[in-house]
Structures are given as C-alpha cells and as structure tokens.
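What follows is calculated from the coordinates using simple rules that are stated; it is not laboratory data. Bear in mind the structure is a predicted one, so any value in this text is a computation, not a measurement. Positions of Cβ are generated from backbone atoms using ideal geometry, with glycine treated the same way; all protein chains shown enter the neighbour counts.
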Amino acid sequence: MLKNLKISRLKSDFEKVKAIENYLKNNIAIEQAGGAELYDVAQILNNKYANEMGMARVYAALFQEANIPSEVVITCERTRATFDRDFESWHSLTDILFYLPQLKGYLSPDLRHLRCGMPAYQYGGNYGLFITPNGKHRLQKIEFPPAKDNMNLIDATVHIPDNFEATMSMTQSWTGYRAAEFRAIYEFQKDDFMKDRLKSEVEDAEVLSLQLKNEKISDSANPLLPFSVSGEVKAHALIEKAGNSYLFKIGEIIGTQVEMYQNHERQQPIEMPYPIFYRRIIKFTIPEGYELKGAEDIKIDKSVVENGKIVNRFLSNYTMKGREVTVAADEYYEVVSLPKEQYESFRSVINAAADFNKVVLVFEKAQ
C-alpha cells in the first residue's frame, strides 16, 4: 500500500502522514461493530471497512512501516469525563488518538473531517495516556491550540446608494476547528450552506454572487489555511426609513448572538468547546447630506481577567476618515474552563456580543 502511495518519494514526515491519512479517510469506512474483519489490518485494507480499534491498528502499522515516529494516546471526551491522573480506571481509557512528536501534532483515526494537526476538541484540555512503540508511557495534558488558530473573520463593506437600498460585499472565513467542520458540511450541502453563512442572518438578504476558497476536506491538513466564502449580498432590510432619518442596523451583520441574562445563581463551572477568536470588520460611507448618530454605542469593552491577564474579551470601536467609517470588533475566548466565581465577568463578555448585535446607527438629515 505504501508503495502505491509512493511514500518513499515524499521528503517530509508531514507529507507522508498527509498521504496516508487522505488515503485511509477517503477509502476506509468506519463501522460501529465487532468482528475480526474489522480490526485485522490485512482484512481492513482488503475489505475497505474497519471499526475504531481496527482503524487505529492500520495507522500504527503504516506509521511503523514508513518509519514515522508516533505515540498512541488513550483518553476520553472532556465533556463525558475528566481524566483522573491519580485514580486508575478503565473509564478514562475510551478513545484513541496518535501523537506525532516530529510534527508536534495529533491525528484522530476515526474522524474523517479532521486532519493531522490539532487534537479533536472533545479531547482538548483533558489528560491522556501517551504510549511509545517501545512501551514507555506518561500522563500528559492534551493542549488546545491558541484562540487565534480558530479564527472566524467577517469582513463586510456596506454600500449605501441614494435610495438607501443597501448591498454588502462580504467575506466570511474560518480556520481551525470551525473550518474543518464547515468543509465537511459543505461536502454534503454545497452552496446552500455557504449562502446562509454569507447572509449572516440579515433579514431578507439575497446572495447575488458566491466564491469559495480552500473548501476541500483535505485542505484541513493545514489548520491555519482559511476556508472562505465571498460574494455580493442584497441587504435592503439593514436600513429602514424613520421620518426624515434612516436606521442602519449594523449589529445584525455579525448574526444573532448567545444571550445570558438569567439572574439565578450559577451552579456549575464554565466550560466552552474550544478557544476561539472572532474578528468583525465593517466599513461604510455616511451618505451625502446626512450625519451619523449613535456611533458611541459601538464602543464596548468587557473582559475576563485571570491572574492579572485578560483571557476572554469583547472589544469594539470605530474610526472615521472623512465620511468613511470602519467598525472593528474582536471577541476571543483564550481560556475555556473557568470557575463559577468568574461567571459574572464571563457573562458580561457573552452579552457584550449580543449588545453589539442590537446596535442601530442613525443617518440624520443634516441641518
């Protein structure tokens, strides 16, 4: 099999791992069942189906044959159980990953959409049992990538003609976990899914054009390679007339946000799926004969501080150059596990994004 993949001609371990992973994830089906044919390497390569254990055995065999250094990591999903380093239990040993020390990356043998690099986020933040081919082992934390490796970018320019029927030049792009998930969804739903991303939940929006970049699942082999959708969007509902003025619902461009306004006492610590960074850049020109009102509502700054360092934050502001306005909003969650004592400051960050979503600017007729 390795000869057919021409592994010996590839120069780096990364290229070799990429070739092996792409072949297996495109040709071997995963089944939730038992039976010798599902975990025997020879039968799996012949029949083209395996269970989770069988798939891990195939990877281990191929890494060994191709002289690619690897370690088996046995762990469990963070949302199901915390890996207890001080208490030996089979309940912590339910899922198999590979750690590739030369690449400093992880590989999930049974997740087709995820490629070698980041650990599957359900295991991030948990500990794992790392086992080398010679049987040595250690307990080690499975570290998350930083928030900026999981970027969601909105870059929108709103065009406001004399009749105030707005259109947008919009780009949305993603890296890391979100990019890997969206590539997998796109494979089945195609342009309908991407059109919904481009509309960004703006009411009555209509996509006029659509372009994609780096949309293949295999592109996830580089977690920092952005999967992006760009196009022109008719967004007349963004602006509505109010007497002699016009209301510009700029906050709707970022889409509906989670709100946490309940007043009951928090009972549990805070857990988020993975670190993430949102960046929104919105540009527009104030129409001639009008003045901009309400811009101060754009200025929001809420944060969570841990050990004297800002770890989670929502920060938005704007700049004006003549009649050109640029709005920038950054929201990031670097720490995903927080004690319940931090709930109020965490909630303020979450609600800041929801508050921005409700911001409405006013174009008021100049006197």
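Looking at the stretch 135-178, which of its residues are of a type in the set (D, E, K, R), in contact with a helix residue (DSSP H, G or I) (Cβ under 6 Å, 6 or more places away or on another chain) and farther than 23 Å from residue 119 by Cβ?
Initial filter on the stretch 135-178 (of a type in the set (D, E, K, R)): 136, 138, 141, 143, 148-149, 155, 162, 165, 178.
Checking which are in contact with a helix residue (DSSP H, G or I) (Cβ under 6 Å, 6 or more places away or on another chain) leaves us with 149, 165.
Of everything in the stretch 135-178, just one residue is of a type in the set (D, E, K, R), in contact with a helix residue (DSSP H, G or I) (Cβ under 6 Å, 6 or more places away or on another chain) and farther than 23 Å from residue 119 by Cβ, namely 165.
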Need pairs with beta-carbon distance below 9 Å; first residue under 18 Å from residue 180 (Cα atoms) and within the stretch 137-157, second exposed (fewer than 15 other Cβ atoms within 10 Å of the Cβ) and not basic (Lys, Arg); sequence gap 6+ or separate chains.
149/224; 151/224
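Suppose we filter 68, 44, 74, 20 for residues that are in a loop (DSSP other than H, G, I, E, B), on the phi < 0 side of the Ramachandran plot and surrounded by 15 or more Cβ atoms within 10 Å (Cβ to Cβ); which single one remains?
Working: 44 fails: in a loop (DSSP other than H, G, I, E, B); 74 fails: in a loop (DSSP other than H, G, I, E, B); 20 fails: in a loop (DSSP other than H, G, I, E, B).
Matching residue, one of 68, 44, 74, 20: 68.
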The stretch 124-151, residues that are crowded, with 19+ Cβ neighbours inside 10 Å and either under 14 Å from the mean Cα position of the chain (by Cα) or within 20 Å of residue 222 (Cβ to Cβ) (or both):
124, 144, 145, 147, 150, 151
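Being among the β-branched types (Val, Ile, Thr) and not in a helix (DSSP H, G or I) is the filter; apply it to the stretch 146-191 and report the residue that is farthest from residue 285 (Cα to Cα).
Step one: list which residues in the stretch 146-191 are among the β-branched types (Val, Ile, Thr), which gives 154, 157-158, 160, 167, 171, 175, 185.
Filter again for not in a helix (DSSP H, G or I), leaving 154, 157-158, 160, 167, 171, 175.
Working: 154: 18, 157: 9, 158: 8, 160: 7, 167: 12, 171: 18, 175: 30 Å.
Going through the qualifying residues, I end up with 175.
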Is it true that some residue in the stretch 306-322 is within 23 Å of residue 264 (Cβ to Cβ) and part of a helix (DSSP H, G or I)?
no
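Quick check on my filter: what residues within the stretch 77-116 are part of a strand (DSSP E or B) and over 19 Å from residue 12 (Cβ atoms)?
Narrowing the stretch 77-116 to residues part of a strand (DSSP E or B): 95-100, 105-107.
Once the filter is applied, which keeps residues that are part of a strand (DSSP E or B) and over 19 Å from residue 12 (Cβ atoms), the stretch 77-116 yields 95, 96, 97.
Residues of the stretch 332-367 being assigned to a strand (DSSP E or B) and aliphatic (A, V, I, L, M), which ones? Reasoning before the result, please.
The initial filter retains those residues of the stretch 332-367 that are assigned to a strand (DSSP E or B), namely 332-333, 337-338, 361-365.
Across the stretch 332-367, the qualifying residues are 338, 361, 362.
Show me the strands (runs of 3 or more DSSP E) found entirely inside the stretch 205-295 where at least 1 residues are among the acidic types (Asp, Glu).
Working: elements: 211-213, 227-234, 239-242, 245-248, 276-285, 290-293.
The strands (runs of 3 or more DSSP E) meeting that bar are 227-234, 239-242, 290-293.
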